[in-house]
Amino acid sequence: SSADTVVRSAGTQSNWFLVIGSGSFICSWIMFATWMMTGEKQAIEYRRKYFEAILKQEIGWFDSINPNELATRVAQQTFDVQGAIGEKVPTFIMTIFMTLGGFVVGYIRGWELSLVLTAALPVIAFSMFFFTLVLQQSSNKTAQSYEKAGGFAEQAITGVKTVKSLRGEDFELKRYSEYIKEAMQISLSYSKFVGFTMGFIFWAMFSNYALGFWYGSVLIEDQTENSVYGRPYTVGDVLVIFFAIQIGGFCWGPAAPCLDNFAKGKTAGYKIFQILNRVPKIQNTHKGTTIPDLKGEFQFNNVEFTYPAKPDIQILKGVTLTIESGKKTSFVGESGSGKSTCLQLIERFYDVNKGELLLDGKNIQHIDLEWLRENIGYVGQEPVLFATTIRENLRYGKKDATEQEMW
């Protein structure tokens, strides 16, 4: 009869474990799938908005940075944000509840041994925190070096014809290698701290094992009463408490990488929103006017201009001239005298600092920007061909161009 009771009790517990296991599977599946799907969708939207915001910035903003680093930034920063809002969120939630569950089970089974084991966990938690901090610092510093190296590599590859014509292969390789070596030195400098913290984690963990089993054996040998059950501690009590507290404590371990991803995502999100929230100094709001009977006469009236990236170097000093409609006008002068600058002001890549620039008597700052550029044909000194057909390249500036116009 006693054996039958034990069997029935074990069967009931097995059924409960099966129900709990099935429920945990369903909840975990729903939680992880939901967060991963929403995280992926948000990351895609971040990439689109980020790229859109970059394209909308005025030319002067690109002069203040290295544009070749932007592709690496978009990829890396959006990836960091995705890591912070995706799978790491349910993982962090799961670790918190598993930690609470382990401690609850341990303290319900016996608070004396649980208290002793818990006292050693802050040492382990501190070592894990220090380990995560070192990894985060190393990752951030290394990523910055790789970002700069990627920018120089992309710049060299984009202008590979110029590099080869000037025999600059060794120079570009040397400059790229310097940033790669810088990243290596950063990793090496942090490696000794990573090794120390990892060793300290294992030391603390196995020391806690020794402490738990030693104190548990003392409780059993001394027949110490378990106040929860009103009887002496048993081997079963010690094992349940030990593994419950250990699981609860070490389930916090997976939370450390999650916190690292949250920190990276926060930093990347700050940089992304700096661009998303930045209002371009020159933008098309479609509130400007148009000129129905456009003639194309430009007038520079006492124009002064300095580039935003180099405000201490004045390029144009009180320039006054008229570019008449229907005539060819040449700007002749030495390099740096402001010839290309005048054309960029006509395109309104920049705004003048003083004076005014008129188109058919109207200040171009009051003219609709999109309409202005649609009515200007510009052939650059070094033409850029996009990775598509010649026909699509020709239609890039005028989408409704006919076959005859393209020829």
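The values are calculated or read from the model by the stated rules, or taken from the named source; none is laboratory data. Values in this document were obtained by computation on a predicted structure and should not be read as measured data. Note that we place each Cβ from the backbone using ideal geometry, even for glycine, and neighbour counts take in every protein chain shown. What goes into the accessible areas is simple: the full protein's heavy atoms, side chains included, and nothing from ligands, DNA or RNA. Shrake-Rupley method; radii C 1.70, N 1.55, O 1.52, S 1.80 Å.
Quick notes on this one:
- Met184 being in a helix (DSSP H, G or I) and touching a Phe, Trp or Tyr at 6+ places or on another chain (Cβ under 7 Å): no
- For the condition in contact (Cβ under 8 Å) with a residue 12 or more places away in the chain, closer than 30 Å to Cys27 by Cα and among the aromatic types (Phe, Trp, Tyr), Phe193 does not qualify.
- Residue tally, condition under 34 Å from the mean Cα position of the chain (by Cα), without any contact (Cβ under 8 Å) to a residue 60 or more places away in the chain and open to solvent by less than 60 Å² (accessible area, probe 1.4 Å), over the stretch 290-311: 1
- Restricting the stretch 366-375 to residues that are loosely packed, with under 15 Cβ neighbours inside 10 Å and in contact (Cβ under 8 Å) with a residue 40 or more places away in the chain, the residue that is nearest to the chain's Cα centre (by Cα): Glu370
- Selection status of Ile54, assigned to a helix (DSSP H, G or I) and either modelled with pLDDT of 80 or more or at positive phi (or both): yes
- Screening Lys287, Lys317 for residues that are open to solvent by 40 Å² or more (accessible area, probe 1.4 Å) and outside any loop (DSSP other than H, G, I, E, B) leaves exactly one candidate, Lys317.
Condition check ((1) of a type in the set (Ser, Thr, Tyr); (2) closer than 30 Å to Gln76 by Cα) across all residues:
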site	(1), (2)
Gly236	no, no
Ile245	no, no
Cys258	no, yes
Gly296	no, no
Phe305	no, no
Thr329	yes, no
Gly338	no, no
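- The listed residues are Leu173, Leu166, Leu188, and the only one of them that is at pLDDT below 75 and either under 22 Å from Ala71 (Cβ atoms) or not aromatic (Phe, Trp, Tyr) (or both) turns out to be Leu166.
- Condition broken by Gln57, with the remaining ones in (1) crowded, with 16+ Cβ neighbours inside 10 Å; (2) of a type in the set (S, T, N, Q); (3) out of contact with any Pro (no Cβ under 8 Å at 6 or more places or on another chain) satisfied: (3)
- Cβ pairs under 8 Å, 6+ apart, first in the stretch 312-330 and over 16 Å from Glu356 (Cα atoms), second open to solvent by less than 40 Å² (accessible area, probe 1.4 Å) and not in a strand (DSSP E or B): Ser325/Gly296; Gly326/Gly296
- Test: residue in the stretch 211-226 that is open to solvent by less than 60 Å² (accessible area, probe 1.4 Å) and under 30 Å from Asp80 (Cα atoms): no
- Filter result (without any contact (Cβ under 8 Å) to a residue 60 or more places away in the chain and of a type in the set (Val, Ile, Thr)) within the stretch 229-276: Thr234, Val235
- Taken over the stretch 134-171, the criterion of being outside any helix (DSSP H, G or I) and either touching a Lys or Arg at 6+ places or on another chain (Cβ under 7 Å) or open to solvent by 40 Å² or more (accessible area, probe 1.4 Å) (or both) is satisfied by Leu166, Arg167.
- Exactly one residue among Ile44, Ile108, Ile65 is surrounded by 11 or more Cβ atoms within 10 Å (Cβ to Cβ), out of contact with any helix residue (DSSP H, G or I) (no Cβ under 7 Å at 6 or more places or on another chain), modelled with pLDDT of 75 or more and outside any helix (DSSP H, G or I), and that residue is Ile65.
- Residue-level check: of (1) within 30 Å of Ile275 (Cβ to Cβ); (2) modelled with pLDDT under 70; (3) of a type in the set (Asp, Glu), Asp4 misses just (1).
- Filter result (under 17 Å from Gly106 (Cβ atoms) and free of Cβ contacts under 8 Å to residues at least 24 places away in the same chain) within the stretch 215-228: Ile220
- Of all residues in the stretch 172-200 being touching a helix residue (DSSP H, G or I) at 6+ places or on another chain (Cβ under 8 Å) and more than 30 Å from Met128 (Cβ to Cβ), the one that is most open to solvent (accessible area, probe 1.4 Å): Tyr176
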